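No lab work stands behind these numbers, since they all come straight from the coordinates. Values in this document were obtained by computation on a predicted structure and should not be read as measured data. We place every Cβ from the backbone using ideal geometry, glycine too, and count neighbours over all the protein chains shown.
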Number of protein chains: 2
Amino acid sequence: MRLETIGFRSTAPRRAVLQAIERAPGPFTVEDLLGELPGVGRATVFRTIKLLQELDLLCRVPLEDGSVRYQLSEGTHHHHLVCRACGRFTEFADLELDTRIQEQAAQHGFHLQGHSLELYGLCPECGTAGVA
Amino acid sequence: MRLETIGFRSTAPRRAVLQAIERAPGPFTVEDLLGELPGVGRATVFRTIKLLQELDLLCRVPLEDGSVRYQLSEGTHHHHLVCRACGRFTEFADLELDTRIQEQAAQHGFHLQGHSLELYGLCPECGTAGVA
DNA sequence: GTCAGTGCAAAAAATTTGCATTAAT
DNA sequence: ATTAATGCAAATTTTTTGCACTGAC
């Protein structure tokens, strides 16, 4: 990890959290992580998650019911397609979309600094299964 | 109110919540509402807020820090420009944006059922003040 | 008169904090 | 040696639940 490169210490708990995240088969909650890491303190897991988000290594995805899931991030700016059935989400980026968003902000005299976009529905697998 | 029209009872607590919401000068938290309505029970305020959201009379806006604000809704589908400085938000709708979102979903073989888009930045007033 | 809606207080989540201790650099 | 990072347990914050009671229709 490049944690040390940017002034953070590479500690056992942090490495453990990282590994658990990489091991995760899909989106997870903080509680999931805690369950995977019996030896690591609650606060540490929360603190590490926060750190990883700031480093853009982890993305936080709010669901429609208000709950939150996390998933390893590809790093670059992107949005999510969230499947209501299986709960998994796919990243995608769309420059045109981002441009249009900037235009909207400009039209309202708004100084845009960030945005978040989540699409909810059924992924190809679940959508097909549901219709069939 | 048309609550009764759709099978819900028009009760004093609900009317009180509605009035408090209409009185609100800007986005508010549940706690704000509770403070305005000493006579109304916690659970009732939460239940009424949930109801109003389902009726599209109230919109729920997640902020970047994970907290949530509410604001009376214009009813139709829209997005928000959230000001990081003053906390207020403006609604806007953009058919082109929605279309592009649908296209993205289609490209991923995703059956789109809903989406949420929040823009964060500085509103005209705060942006100008900040720069000046 | 019925049953949706309410209030209350307790329970359940979800997250943060304080602080003495540990360990990375 | 410094001091960032940790663990723990307690404190907050946010939302939900159970249930007897009230009041809209």
Report summary line: Here the Cα Rg-to-2.2 N^0.38 Å ratio for segment B:66-132 is 1.36
Query raised in the report: For residue A:28, what is the net charge nearby, where nearby means another residue's Cβ is under 14 Å from its Cβ and Lys, Arg count +1, Asp, Glu -1?
Result: 0
Query - Relative contact order of chain B, defined on C-alpha pairs under 8 angstrom at six or more residues apart (%) - result: 18 percent
Report task. Just the Kirkwood number for segment B:1-74, please: inverse of mean 1/r across all distinct Cα pairs, in Å, one decimal. Result -> 12.6 Å
Query raised in the report: Summing -39500 (n - 2.57) over the DSSP H runs of n ≥ 4 in the protein assembly as shown and dividing by its residue number, what mean residue ellipticity at 222 nm do you reach, to the nearest 500 deg cm²/dmol?
Result: -12000 deg cm²/dmol
Query raised in the report: Which distances, in nm and shortest first, link the residue B:102 label point to the same label point in every other copy, taking 7 Å along Cα→Cβ?
Result: 2.6
**Report entry** Anisotropy class of chain A from Cα gyration tensor, a/c 1.5 cut
**Finding:** oblate
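Please say if the protein assembly as shown is rounded, prolate or oblate, where rounded means a/c under 1.5 for a ≥ b ≥ c the square roots of the C-alpha gyration tensor eigenvalues, and otherwise the choice is prolate for a/b larger than b/c and oblate otherwise? Working shown, then result.
On the way: a/c = 1.44, a/b = 1.40, b/c = 1.03.
Rounded shape, in that the Cα axes give a/c under 1.5.
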Query - Considering only segment A:47-120, percent of DSSP beta bridges that pair antiparallel, nearest 5 - result: 75 percent
Query raised in the report: For residue A:8 and residue A:106, what does the FRET efficiency come to when R0 = 35 Å and r is the distance between their Cβ atoms, rounded to the nearest 0.05?
Result: 0.40
